[in-house]
Structure formats: structure tokens, C-alpha cells
Amino acid sequence: MEAFVRAHQLLPGKIPIDRNGFEPLADARNGVAHSSVCEGEQALSVFAICLRVIDPLLTELEIDAAKYWGPYQELHDKLVGDRVKAARVRLEALRARARAVFRQRFSHLTDKETVAVLATITNREPRADCDDYEPKPCPACVAEGWVGGEVGYEEYEGDLHRVLTPSRFDCYACDFEADGEEFQELKDLTGQIYSEADAEDFWTPDDEVPGSMVGR
């Protein structure tokens with residue numbers, strides 16, 4: 001798990017599996033290591049996770065994927081394709097359920113009343129299990145939700161930028177939640193969010209002068 005987390009941090013936004021999505025692989029590894037047990041269906045699922053983690057690493061290392069997979073390329077494509085299709089089906093099921101919840105909660109209200117209630121609901125603090133959150137339109141209803149993920153920093157043209165790499169979405173209006181592979185299918189929400197880094201991110205009042213933090 002530590003190796004995956006490190007790779008995920010070094011390649012922000014490039015590995016389409018987050019820590020939660022990687023956990024089945026870690027669990028399977030522990031199952032095999034400690035009891036030599038891994039069910040057939042579980043093995044296929046875990047193998048597909050491996051493929052989706054390895055592919056961006058091949059790209060980053062400039063390794064020819066066709067040569068790397070060789071005679072297993074067709075099997076690779078099928079497993080990855082099946083995994084993506086299954087994630088899309090699960091995503092649509094989540095959307096359908098969220099839309100039903102939204103109708104149940106707001107269909108009896110006037111437009112003006114709906115706006116007032118949504119303003120109160122969407123003003124709630126986001127979940128605390130991500131480094132940070134940004135408001136984004138909900139992909140299941142008309143409300144605004146929160147996209148959250150890990151925060152890192154990148155240097156660009158001599159300046160340090162704060163980078164939020166999204167990994168989940170939450171909407172309090174319709175209870176729509178998506179993370180892991182389902183979230184990765186929400187292409188409009190998965191892009192990294194850049195902002196100017198504040199000096200306060202890197203120094204405390206005990207420091208005399210914040211100075212240049214680039215390269216620290």
C-alpha cells in the first residue's frame with residue numbers, strides 16, 4: 001500500500017485508482033500471503049485493478065505498452081474494458097437513486113422554496129476524510145456538491161501552486177456519493193484544480209520571514 005500511495009503522490013491525476021479503490025488489491029494480497037486464498041472472481045477484479053495502475057506507469061516511464069503486454073494485450077484490453085463498463089453501470093445506478101431521492105425531497109416545493117432549502121443544505125461543511133474540497137455542480141441533480149481529494153504542490157515558472165487531485169464527490173441535496181472507479185467515470189469532475197499556494201501553507205508564526213518556499 002505504501003508503494004502505491006507514493007506512486008499516486010508522484011503522479012497526481014494520472015492513476016485512475018485512488019487509495020480506496022486500491023484496497024481490494026491489498027486485501028487480496030494479504031489473503032494470499034496469510035491463507036493462500038483468493039476466489040476466482042476476486043482474482044479477476046484484483047487483476048483488473050493491477051492493469052489500471054500499471055498502464056499509467058508504463059506511459060510515465062515511456063515503456064511501449066504493446067511490447068510490455070505482448071501476447072496478453074487482448075486479455076488486458078478485455079479486462080480493463082469490462083471493468084470500465086461495470087463502473088459505468090454502477091455509476092448510473094447511483095445517479096438514478098440520487099435523482100429519486102431528490103424528487104422525493106423537493107417535488108412538493110415551489111421553485112422559490114427549493115432554492116431556499118438548497119441554499120441551506122449545500123452550505124453544510126463537507127466530509128473531513130479528504131485533504132480539501134471544492135464546490136462543483138452535482139452530476140445527479142441541480143444542486144451544488146463537493147469534490148474532494150488530496151492536496152499537493154507543483155512548481156510552475158518559479159511559482160508554487162496548490163493542486164487538488166479529486167477522488168470523490170458528495171452532494172447533500174440528493175445523497176449522491178461517488179468515489180473510486182465510479183468517480184473516475186465523472187470526467188467533468190476528475191481534473192486537477194490549481195490555485196496559488198499561500199505562504200501560510202509552509203510557515204508558522206514562529207518563522208521570522210516566509211521567504212521563497214519553492215524547492216522546499
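General remarks:
- Distant-in-sequence amide H partners of Gly149 (H built 1.01 Å from N, under 5 Å): Asp131, Asp132, Ser167
- Spatially proximal lysines relative to Lys85 (Cα-Cα < 17 Å; intrachain offsets below 8 disregarded): Lys187
- Taking the protein heavy atoms of the range 99-161 in the context of the full set of protein chains, the accessible area attributed to carbon and sulfur is 49 percent at 1.4 Å.
- Count Lys and Arg as plus one, Asp and Glu as minus one, and take only other residues whose Cβ is under 11 Å from that of Trp69; the net charge is then -3.
- Local net charge near Val89, Cβ-Cβ under 15 Å (Lys/Arg +1, Asp/Glu -1): +1
- Mean separation of Cα contacts under 8 Å (6+ apart) over length of the range 56-171, as relative contact order %: 16
- Solvent-accessible area per residue, Å², over the range 66-191 with all protein chains present [probe radius 1.4 Å]: 60
- Take the Cβ atoms of Leu58 and Tyr153, set R0 to 30 Å, and the FRET efficiency comes out at 0.70.
- Using the average count of surrounding beta-carbon atoms within 10 Å as a protection proxy, the listed peptides 176-182, 105-111, 136-142 rank, highest first, as 176-182, 136-142, 105-111.
- Positive-end extreme of charge dipole, the range 109-162 - chosen from Cys130, Gly145, Ala119 (charges on Cβ): Ala119
- Ratio of the Cα radius of gyration of the range 123-164 to 2.2 N^0.38 Å, where N counts its residues: 1.46
- Percent of Cα pairs exceeding the 26 Å cut-off, where the set is the range 48-187: 43
- Sparsely packed trypsin sites (Lys or Arg not before Pro) within the range 108-149, loop by DSSP, other Cβ within 10 Å at most 15: Arg124, Arg127
The values are calculated or read from the model by the stated rules, or taken from the named source; none is laboratory data. Model, not experiment: these values are computed from the prediction. Cβ: placed from backbone, ideal geometry, glycine included. Neighbour counts: every protein chain shown. Side chains included, ligands, DNA and RNA excluded: accessible areas come from the protein's heavy atoms. Shrake-Rupley method; radii C 1.70, N 1.55, O 1.52, S 1.80 Å.
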